[in-house]
Amino acid sequence: MRLANLETGQRKPARFFMLMASKSSGAEMADVVKMILYRPEFFGRAVSELFAEAMRGPSFWTPGEREYIALTIARLFKIPYCIDIHTEMIGIAADGEVDVADADTARPEFRAVLSFVEKVMRSAEPVSGDDLREARELGVPDDAVVEALHVAFVWNAVDRLAFAFDFKLLEGQLTKGTRALHQFGYRFPAFTLR
Amino acid sequence: MRNKDPRNKEESTAARYSRLIAELRAGVFEGSGQTAPALRRAAATGEAALADPWSSYTAKIRDEPWDVTDSDIEHLKAAGHSEDEIFEMTVAAAVGVSLEALDAGLRALRDDA
């Protein structure tokens, strides 16, 4: 990572958690988690609440579909770090409802909202209610669109930070780290965020 | 496919997310830090006058984050900026531009066209 503070500048409780987690998994804590645990009152605490809510909270979309939105954002940015993590996560969280190699196998409601979200992400093209016509005809509730937009929001911000701080995947992090993130529903122990 | 969740039963989806986004905004754009909140808000939009090297660096985070290199960070440090300042301004720019996209999407949802 480009900032040494993000590597080792966390407070004692967070450092203790990072040490214990890496001892039990055999892999160093992922860069994205190190960033969340650094000065959490500035960004990490609020964004981790959003992560947990958007990725695993109550939703019209399955966890696998939400991971597919995250993968789509990573693909738009062409960022290997995030593409690899979300591809792995889909393998863990999805139950056949999405296919990383073929978006067309997903349910039509999902495809309609995904293409809306993609258009929102390409900020050069303004979006309007017209872009939601198909989703609405399919009966997708407004809340489901709100949920998808917030999944896109967190990864839009975090993928940019992954570029800026130069996140890297180390040996063992992809499988073990991703599984742990899924197992705990994108939540970190409260003491690490103080 | 909506999961049953006992938390915040009365809070609507829109209200729940708007509360979480407000908490994020408070930390990043109003919270205490090494940089002034006004500077962070300028990094978020690029609209207010921001001096270089912050101006070009935060524009890169907003417009082409894939182009950030080690030398961008070295340049900021050489200009006397600490790692905490760089952390704050980077987060502010990334969150700011992502909020613009979110707001555009939410506006389209309110659009009855």
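Nothing in this text is a laboratory measurement; each read-out follows from the coordinates by a stated rule. Small disclaimer: the values here were computed from a predicted structure and weren't measured. With ideal geometry, Cβ positions are generated from the backbone for all residues, glycine too; neighbour counts draw on all protein chains shown.
So here's what we get for this one:
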{"item": "Residue B:22/residue A:123 FRET efficiency (R0 22 Å; Cβ-Cβ; nearest 0.05)", "result": "0.45"}
{"item": "Residue (of A:9, A:42, A:25) at the positive-pole extreme of segment A:6-50, dipole from beta-carbon charges", "result": "A:9"}
{"item": "Rg to Rh, two decimals, where segment B:20-76 supplies the alpha carbon set and Rh follows Kirkwood", "result": "1.00"}
{"item": "Pair-distance profile P(r), taking every C-alpha pair of the protein assembly as shown, with 20 angstrom steps and integer %", "result": "34, 60, 7"}
{"item": "Residue pairs, from the table A:34/B:60; A:12/A:34; A:23/A:176, whose Cα atoms sit over 19 Å apart", "result": "A:34/B:60"}
{"item": "Counting all C-alpha pairs of segment A:23-105, share separated by more than 22 Å (%)", "result": "34 percent"}
{"item": "q = 0.10, 0.14, 0.24 Å⁻¹: log10 I(q)/I(0) that the Debye formula gives for chain B, counting C-alpha atoms only", "result": "-0.39, -0.67, -1.34"}
{"item": "Segment A:53-100: trypsin sites (Lys or Arg not before Pro) falling in loop per DSSP and having at most 11 other Cβ within 10 Å", "result": "A:78"}
{"item": "Helix A:63-77 vs. chain A, principal-axis angle (Cα, 0 to 90°, nearest 10)", "result": "90 degrees"}
{"item": "With 5 Å bins from 0: P(r) over segment A:43-156, alpha-carbon pairs, percent", "result": "2, 12, 22, 25, 22, 11, 4, 0"}
{"item": "Label-point separation in nm, residue A:20 to residue A:171, each point 7 Å along Cα→Cβ", "result": "2.6 nm"}
{"item": "222 nm mean residue ellipticity, helices alone, for chain A (DSSP H n ≥ 4; -39,500 (n - 2.57); rounded to 500)", "result": "-18500 deg cm²/dmol"}
{"item": "Net charge dipole size for the protein assembly as shown [Lys, Arg +1 and Asp, Glu -1 on Cβ; Debye, nearest 20]", "result": "1180 debye"}
{"item": "Sequence-separation-based contact order of chain A, relative, with Cα cut under 8 Å and 6+ spacing, percent", "result": "36 percent"}
{"item": "Spacing of the two label points (7 Å from each Cα toward its C-beta) at residue A:130 and residue B:79, in nm", "result": "4.1 nm"}
{"item": "Helix A:12-25 vs. chain A, principal-axis angle (Cα, 0 to 90°, nearest 10)", "result": "80 degrees"}
{"item": "Ordering of A:139-148, B:81-90 by burial proxy (mean other Cβ atoms within 10 Å per residue, highest first)", "result": "B:81-90, A:139-148"}
{"item": "Restricting segment A:149-194 to chymotrypsin sites (Phe, Trp or Tyr not before Pro) in coil, as DSSP defines it, with at most 14 other Cβ within 10 Å", "result": "A:184"}
{"item": "Chain A: angle of helix A:44-56 to the longest principal axis, Cα-based, in degrees nearest 10", "result": "50 degrees"}
{"item": "FRET efficiency for residue B:47 and residue A:11, using Cβ-Cβ distance with R0 set to 22 Å, rounded to 0.05", "result": "0.05"}
